[in-house]
1. Kindly provide the set of residues from the range 54-74 that are of a type in the set (Ser, Thr, Tyr) and in contact (Cβ under 8 Å) with a residue 24 or more places away in the chain, ordered by number.
2. Answer yes or no as to whether LEU46 is within 11 Å of the chain's Cα centre (by Cα) and within 17 Å of LEU24 (Cβ to Cβ).
3. Go through the range 76-118 and report how many residues are in a loop (DSSP other than H, G, I, E, B), open to solvent by 80 Å² or more (accessible area, probe 1.4 Å) and either farther than 20 Å from PRO36 by Cβ or of a type in the set (Asp, Glu) (or both).
4. Out of (1) under 24 Å from ALA105 (Cα atoms); (2) at pLDDT below 95; (3) of a type in the set (Asp, Glu), what's the single condition that is false for GLU37?
5. Scan the range 50-58 and tell me whether some residue there is within 14 Å of LYS2 (Cβ to Cβ), modelled with pLDDT of 95 or more and among the aromatic types (Phe, Trp, Tyr).
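The values are calculated or read from the model by the stated rules, or taken from the named source; none is laboratory data. Predicted model only: the values in this text are computed from it and were never measured. Reconstructed Cβ throughout: ideal geometry from the backbone, glycine too, with neighbour counts over all protein chains shown. Just so you know, the surface numbers come from the protein's heavy atoms only, side chains and all, with ligands and any DNA or RNA stripped out. Shrake-Rupley method; radii C 1.70, N 1.55, O 1.52, S 1.80 Å.
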Amino acid sequence: MKFLVLGSQIASLVNFRGPLIRDLIRLGHQVVAVAPEPAEPWLSQLKALGATYIEAPMARTGINPVADLKLTVWLWQLFRRERPDVLLAFHAKPVIYGGIAAVLAGIKNRTAMIEGLG
């Protein structure tokens with residue numbers, strides 16, 4: 001099974017989803033991790049877990065609707081190319097725009113998680 005984990009920070013992929021990614025890979029699944037702005041040491045740690053990394057053209061804090069539309073189209077194209085069986089999106093932008101793109105791409109197993117207080 002192929003899992004695509006979509007977040008708005010590469011550090012969050014490692015710090016908060018690292019054990020999940022490690023366990024999925026240990027169980028024989030393929031994991032594609034997608035986030036903007038790869039930075040060390042996070043990128044090396046993510047790859048050490050066994051995940052494939054793809055950099056997303058996402059402005060985490062931007063509010064430009066044109067840029068967000070472009071992100072949604074980019075995610076739709078990514079999902080059609082990668083064909084994940086499961087999408088796990090967390091943080092606001094990945095949940096909203098990833099969710100829209102996943103529906104358009106026909107991904108049936110979608111999980112959304114908004115993090116924050118509580």
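1. Within the range 54-74, THR72 is the sole residue that qualifies.
2. In short, no.
3. 4
4. In the conditions (1) under 24 Å from ALA105 (Cα atoms); (2) at pLDDT below 95; (3) of a type in the set (Asp, Glu), GLU37 misses (1) alone.
5. Scanning the range 50-58, I find no residue that is within 14 Å of LYS2 (Cβ to Cβ), modelled with pLDDT of 95 or more and among the aromatic types (Phe, Trp, Tyr), so the answer is no.
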